[in-house]
């Protein structure tokens, strides 16, 4: 099987599984809630992957974009505007604008300083959210209702919300693939591998990185819109640096090699937490060593697992 | 009255800064010399606090507990190096981030399992109870002054070690150019073990000292960790001198910003929004300072690495 088709098989299989999940005995309330959360975090992790895996820049402030998307929902909810066709673009726009503004400064650096500057902007957004007294401050804000879609209450329906999340996740995944394969994506990846050489060929990496950062911010804003609707509650903790860390762990666990890794990592980490949580209240005592072992033995993350297994079989 | 308040808060800031330095010193050496991002460094601070507290309770003496906590945290650090970190040296930074996050989860949960999730209270040692009159009508807790003194003494010892011993020369050489050091025939494996153990012990010492003035609870290392990272990046990765100055700066900005800004904002705003805005800007101040410094000097104030 050619590599490109094999690369498409696993994502297709996963999306088909998610589409069929409600009819495979996973239609119970808590399971659907968990899956929706997994897909939303998958979308957020995918947007972070665009920055970390695509552009090769590690950000520790990505939860701010997610949180700004969620707070856009809050601001419009307070003004009694709940139409998703207005709210979602507003969430995407607000997060993308924040990404472009902060990215313009942060992208002057790379490597560890970039990690710390994105952390700094994330913390500024976090403390700002905590001081918004009219949106509940530290205590957060409970939405009056979920957003409506074209006037109908589609998002209230569990099945409808499930498929909305799935459609947006699959769409964003496809978009990432097309983006990376485009001329834009080629320059982005080349700048990740060797910025000096890219400059020598006549490209400046800066505008490409900034645009990628803005697109990633917009995608995370969309995830924030969905997350606010899933929980019907938004709090400053959405923007905490621990959240940014979690998203980063999902991306690394899945593997940086392909955007599918981010989706896989998000679902795997969430389901693992839930599964271990059913076994024992001290599930972190199991998850911690599992993560360490995953790093020591899975060189390419979860997406690299099939290739690694095949390699062992061939050599062993 | 305001001058007194300012003095007290400045002392609090310095004392917080010195604790930050003890944590950040190990972090900057591990990062600078070994090129390892160790998120689990904050956990070693927590372990120091817990081990100090229980050893003090077991022996009946705070001082014995503090003294015994040092070899105990050193042993924990060496064990972690042998079990986990040794296998991460040749991996990229992101792999290290995920693995050390796994270590955080494990140890935070292990601490909860062993000591429970309720905060432990540690009594101030009788010798250092009470306050000192700094100026008429102004008392300052003796124990906090003692932390300041102990931290400064430790910083001095560390400076002697790094600047005036053979091991220190190797440390500085490692932070400046590691492949060259290995090429010159230095056993980097042993050097790394030493650096890691030393860093763990310093963080543990800070935790054990801070136990009487903080609540000892699981996860207490996480908030210190992020500020310690801010410190080492501002100071320049691998530079102990930079970490010292940056730690004092961060400590002062953090404490003074949080305590004074709400009052300062009242000069221009109504009381309630002033409190809100002052509190949030006060908390942001450290990060604003870091973003400004990094935008101008991406390698920090005192970069240790050559080239």
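All of the numbers you see were taken from the coordinates with simple rules; none came from a lab. In this text, all values refer to a predicted model and were calculated from it rather than measured experimentally. Glycine also receives a Cβ, built like all others from the backbone with ideal geometry; neighbour counts cover every protein chain displayed.
Separation of region B:115-166 and region B:13-37 by C-alpha centroid, Å? If you average the Cα positions of each part, the centres end up 17 Å apart. Histogrammed with a bin width of 20 Å, the alpha carbon distances of the protein assembly as shown distribute as 18, 52, 27, 3, 0 percent, first bin at zero. Listing A:165, B:76 from fewest to most neighbouring C-beta atoms within 10 Å gives B:76, A:165. Short-range pairs are left out: with C-alpha atoms under 8 Å and at least six residues apart, the relative contact order of region A:3-315 is 31 percent.
By definition, a body whose alpha carbon gyration tensor gives a ≥ b ≥ c is oblate when a/c is 1.5 or more and a/b is not larger than b/c, and region A:197-295 fits this oblate description. Shape analysis of region B:26-218 places it in the oblate category; the axes a ≥ b ≥ c from the Cα gyration tensor give an a/c of at least 1.5, with a/b not above b/c.
Site pair residue B:120 and residue B:135 shows an inter-label distance of 3.9 nm when each label is modelled 7 Å from Cα along Cα→Cβ.
Determine the relative contact order of chain B: mean sequence separation of Cα pairs under 8 Å and six or more apart, normalised by residue count, in whole percent.
That works out to 35 percent.
Simple spin-label estimate for residue B:186 and residue B:165 gives 1.4 nm between the two label positions (7 Å along the Cα-to-Cβ direction from each Cα). A Förster radius of 25 Å combined with the Cβ-Cβ distance from residue A:199 to residue A:100 puts the calculated FRET efficiency at roughly 0.70.
Extension gain for the segment residue B:127 to residue B:6, taken as residue separation times 0.36 nm less the Cα-Cα distance, is 40.8 nm to one decimal.
Once you reduce region A:92-150 and region A:27-51 to the center of their Cα atoms, the two points are 19 Å from each other.
Among A:119, A:48, A:164, determine the one that fluctuates most according to a GNM of chain A built with springs between C-alpha atoms less than 10 Å apart. In this elastic network of chain A, the residue with the biggest mean-square fluctuation among A:119, A:48, A:164 is A:164. For helix B:166-176, what angle does its Cα long axis make with the longest principal axis of chain B, in degrees from 0 to 90 and rounded to 10? For B:166-176 against chain B, the angle is about 90 degrees. Counting Cα-Cα pairs of region A:27-123 in 5 Å increments starting at 0 gives whole-percent bin shares of 3, 12, 18, 21, 17, 14, 9, 5, 1, 0. What separates the Cα centres of region A:192-207 and region A:238-316 is a distance of 32 Å.
Taking 0.36 nm per residue of separation and subtracting the Cα-Cα distance, what length does fully extending residue A:190 through residue A:144 add?
Value of the extension gain: 11.9 nm.
Express the Stokes-Einstein translational diffusion coefficient of region B:219-307 in µm² s⁻¹, to the nearest whole number, given a Kirkwood radius over alpha-carbon pairs, 37 °C and a viscosity of 0.692 mPa s. The calculation lands on 235 µm²/s.
One chain, two ends: residue A:80 and residue A:307. Fully extended at 0.36 nm per residue, the span grows by 76.6 nm beyond their Cα-Cα distance.
Based on alpha carbons, the Rg and Dmax found for region A:3-315 are 19.3, 63 Å. Viscosity 0.692 mPa s, temperature 37 °C: what is the translational diffusion coefficient of region A:91-201 from Stokes-Einstein with a Kirkwood Rh over Cα pairs, rounded to a whole number of µm²/s? This corresponds to a translational diffusion coefficient of 182 µm²/s.
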